[in-house]
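Report on the structure given below.
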Amino acid sequence: MKPREQIEKIEAYSPGTPVEEVQRQLGLTKVVKLASNENPFGYSPLAEQAMIEEVQKINMYPEVALPLLAGSLAEKLGVSREQLFFGNGSDEIIRLLTTTYINQSDEAVMADVTFPRYYTDVLIGGGTPITVPLVEGVHDLEGMLAAVRAKTKMVFVCNPNNPTGTVVGKEQLLHFIERIPSHVLIVIDEAYYEYVHSTDYLETVPLLDKYPNLIVLRTFSKIYGLAGLRVGYGLMNPELVQNLMRVKEPFNVNRMAQRAALASLNDDKFVAMTRERNEQGKRIYERTFSELGLPYFSSQANFVMVDVKRPAKIVYMDLLKRGVIVRPVGYPTTIRVTIGNEEEVETFVQALKML
Ligand SMILES: *Cc1c(COP(=O)(O)O)cnc(C)c1O
């Protein structure tokens, strides 16, 4: 059996190496995983309580339009419920967008390097990804705009960008949004929105009413610590929401995820605690890289990309032997390291210094 032609060009997702596998293969007892940008401080205790209650209802299908979560989030963000769409992770929303809007021979413009799902999903949809290199780790918005033409259906801006952690300037992004033609969907992926400290960061939600082709993606997987439950959301024009509703699986967000996300929304303390401790960890990483003379990109997220000045795959293996799992991504000599909790940060820093 031969799959569709596009499928043969795609590589299966390569997950961060599992902790258990490293322990078994290398005979290590202590292993820290800093490879998937998960929240090292866990999740809100309110989420746990909500899930314990919800367990009693798991014989029943979940709600299709998530009215409770939509209501609560709409109020918090100052949007209408009709502008909200929920997915089994924001990953699913990216897939639904490409499935719903990309025709054969349509193009989608994105950065190189950025979150790899955009590329894969455009290919699966039968479209053509057009990549525009980053400039010093930052999206080249002018270059991306120049790549837009009649065939372009979508542009992706990952802000902060995974894997570099960088953000695009406020004015530059606003100017970009203004100039993208109205037949092109602008997808701004803000998976790390809650981690951002920069004041030069555009608030995109207030622009939704003015730009019906604007889509903002957020998730409960990162700062809220619910990666294992799979729930993310998109903010967009209600007409776009209606079209995604036609394509999605009816029960795409499960009961536990719906309840835990709702409970997490009310826990500002957990989010603030994560934000603060992440900043402290980031400062330790930055100081260490500077001491070692290793260049890094200035990050607004919970990970940092650093140039280790040696083949990244080798450094990855050397760190693995010392019990630290990172990701060799981006460029030949760069790795991306998630900012862990205090102990994990220390373990990584010590391992790096010993290389
Ligand atoms: C983690 C991540 C996502 C996906 O998050 P889920 O909601 O868990 O699917 C989307 N975009 C970026 C840039 C990410 O890093």
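The values are calculated or read from the model by the stated rules, or taken from the named source; none is laboratory data. Worth saying up front: this structure is predicted, and the values here are computed from it rather than measured. Backbone-built Cβ (ideal geometry, glycine too); neighbour counts: all protein chains shown. Surface areas here come from the heavy atoms of the whole protein model, side chains and all, with no ligands, DNA or RNA. Shrake-Rupley method; radii C 1.70, N 1.55, O 1.52, S 1.80 Å.
A few points about this structure:
- The chain - percent of accessible surface contributed by carbon and sulfur, probe 1.4 Å: 53
- In order along the stretch 161-169, the Karplus-derived 3J(HN,Hα) couplings, from 6.51 cos²θ - 1.76 cosθ + 1.60 at θ = phi - 60°, round to 7, 9, x, 8, x, 7, 10, 8, x Hz, and Gly and Pro are given as x.
- Size of the stretch 35-82: Rg and Dmax of its alpha carbons, in Å, are 14.3, 36.
- P(r) for the stretch 97-160, from all Cα pairs and a bin width of 10 Å, is 25, 55, 19, 1 %, short bins first.
- Here is the size of the stretch 66-179 from its Cα atoms: Rg then Dmax, 15.3, 42 Å.
- Between T333 and A312, the built amide H atoms are under 5 Å apart, and every one of these is 5 or more places off in sequence or on another chain.
- Computed over the stretch 243-345, the quotient of the alpha carbon radius of gyration and 2.2 N^0.38 Å is 1.43.
- Taking a ≥ b ≥ c as the square roots of the eigenvalues of the alpha-carbon gyration tensor, the stretch 131-262 is classed oblate because a/c is 1.5 or more while a/b is no larger than b/c.
- Label positions at A146 and D318, each projected 7 Å from the Cα along the C-beta direction, are separated by 3.8 nm.
- Cα centroid of the stretch 14-69 to Cα centroid of the stretch 171-191, whole Å: 33
- Cut-off 14 Å, label 7 Å out along Cα→Cβ of A74, residues of the stretch 85-108 by amide N: 85-86
- Coarse-grained scattering of the stretch 231-282 at q = 0.12, 0.13, 0.20 Å⁻¹, given as base-10 log I(q)/I(0) from a Debye sum over alpha-carbon atoms: -0.47, -0.53, -0.85
- Descending semi-axes in whole angstrom, ellipsoid equivalent of the stretch 211-298, from the Cα gyration tensor: 34, 19, 12
- Pairs of Cα atoms nearer than 8 Å and 6+ residues apart set the relative contact order; for the chain it is 24 percent.
- Scanning the chain for trypsin sites (Lys or Arg not before Pro) lying in DSSP loops with no more than 11 further Cβ atoms inside 10 Å, the longest uninterrupted stretch between such sites is 211-355.
- Using a Förster distance of 51 Å, the FRET efficiency for S182-R283 (Cβ separation, nearest 0.05): 0.75
- ³J(HN,Hα), Karplus 6.51/-1.76/1.60, whole Hz, each residue of the stretch 242-251, x for Gly, Pro: 4, 5, 5, 4, 5, 8, 5, 5, x, 10
- Overall form of the stretch 1-53 per C-alpha gyration tensor (a/c, 1.5; a/b vs b/c): oblate
- Note on the stretch 281-335: Rg/Rh from C-alpha atoms, Kirkwood Rh, equals 0.94.
- Ligands, DNA and RNA are left out, and with a 1.4 angstrom probe the accessible area of the stretch 120-235 is 34 Å² per residue.
- Global size of the chain: 20.3, 57 Å for Rg and Dmax (C-alpha atoms, Rg to one decimal, Dmax whole).
- Local electrostatic count, T152, Cβ distance below 12 Å [Lys/Arg +1, Asp/Glu -1]: +1
- Using only Cα coordinates, the Kirkwood hydrodynamic radius of the stretch 126-193 works out to 12.5 Å.
- Given the chain, longest segment not containing exposed loop GluC sites (Glu not before Pro) (DSSP; at most 16 other Cβ within 10 Å): 204-355
- Between A272 and E342, full extension at 0.36 nm per residue minus the direct alpha carbon distance yields a gain of 23.6 nm.
- Extension gain from I52 to F251, taking 0.36 nm per residue of separation minus the Cα-Cα distance: 69.6 nm
- Mean separation of Cα pairs under 8 Å and 6 or more residues apart, divided by the residue count, gives the stretch 33-134 a relative contact order of 19 percent.
- Using a Gaussian network model of the chain in which every pair of alpha carbons under 10 angstrom is joined by a spring, one finds that among N266, N302, N278 the greatest mean-square fluctuation is at N266.
- Under Karplus coefficients 6.51, -1.76 and 1.60, residue-wise ³J(HN,Hα) of the stretch 86-99 in Hz, glycine/proline x: 10, x, 6, x, 5, 3, 5, 5, 4, 4, 5, 5, 5, 5
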